[in-house]
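The values are calculated or read from the model by the stated rules, or taken from the named source; none is laboratory data. Not measured: the values here are computed from a predicted model. FYI the Cβ positions are ideal-geometry reconstructions off the backbone, even for glycines, and counts take in every protein chain you see. These accessible areas exclude ligands, DNA and RNA; they are computed on the full protein's heavy atoms, side chains included. Shrake-Rupley method; radii C 1.70, N 1.55, O 1.52, S 1.80 Å.
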Amino acid sequence: SSDLFLAYFWMQNSYNKLLICLKWLIEEHLKLTDEDIKKQYSMIFFKKHKLTGAFPYLKGVHLFDILNKLYPNKYKEWELVSVPRNFWDKENATKAMEWLVKEKLNANNPEDIKKITVNTLKKYKIKSILMDKCGGSYKNTLSNIYKDSYHEWEYKKTEKSYWTDDNIKKAIIWLIEEKNKFSKEDIKRHFGTSLLKKNGLMCILTSTNKSIYEIINIAYPNTDRSVV
């Protein structure tokens, strides 16, 4: 029977035979494009085209290893239709985020990188990075990679212990002078909880139980109470 033939066929030189068959299937029989491969390459693909018989003879070879052997460094694991189980550790999350920033987004400055959202991850098919261990979140991963381009509070979830007076001073001065370039009159009109919330700094109030006046007075000692 054909099943018996296939069983004997895969017994010797199984890896090389699989590569030959897969190459023929992709390039000649199905004529798959790069996008086709990314959408279809999975164990289901191998079962559909009766190539799974080789797997019992392949020790320690993963699905992606086969594709990468056939087309070295052409594809990334996260570009394929299914990411291997437990793939998203800190190292692979870092690789994926660097690939996204440098190769896909060509983001050359901090402001471009800060615009990355969950929708960006979804668009480039790496949303699954959120479901596994990658240092806490994709924002943590970004801030760890590009730490010289960020302030701690812009991308990381800061611990309560982070908000010392020195760090409150840095954050408030950044918010007023660097981010918004406020004049004294601007501070009177705009500085409040809504501004802190908009810029991800409400955690200063919730972590320290300080008032709006107290935190601005830390940044600018002897501030007139009429300012806020």
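Structure notes:
- Residues of region 197-228 that turn out to be within 14 Å of Leu175 (Cα to Cα) and among the charged types (D, E, K, R), as a count: 2
- Filtered residues of region 195-206 (kept if under 20 Å from Lys160 (Cβ atoms) and open to solvent by 30 Å² or more (accessible area, probe 1.4 Å)): Lys197, Gly200, Met202, Cys203, Thr206
- Meeting the requirement of 2 or more residues that are open to solvent by less than 30 Å² (accessible area, probe 1.4 Å) and modelled with pLDDT of 90 or more, the helices (runs of 4 or more DSSP H) wholly within region 30-74 are 43-48, 63-70.
- For Asp65: the one exception among (1) within 23 Å of the chain's Cα centre (by Cα); (2) more than 19 Å from Trp10 (Cβ to Cβ): (2)
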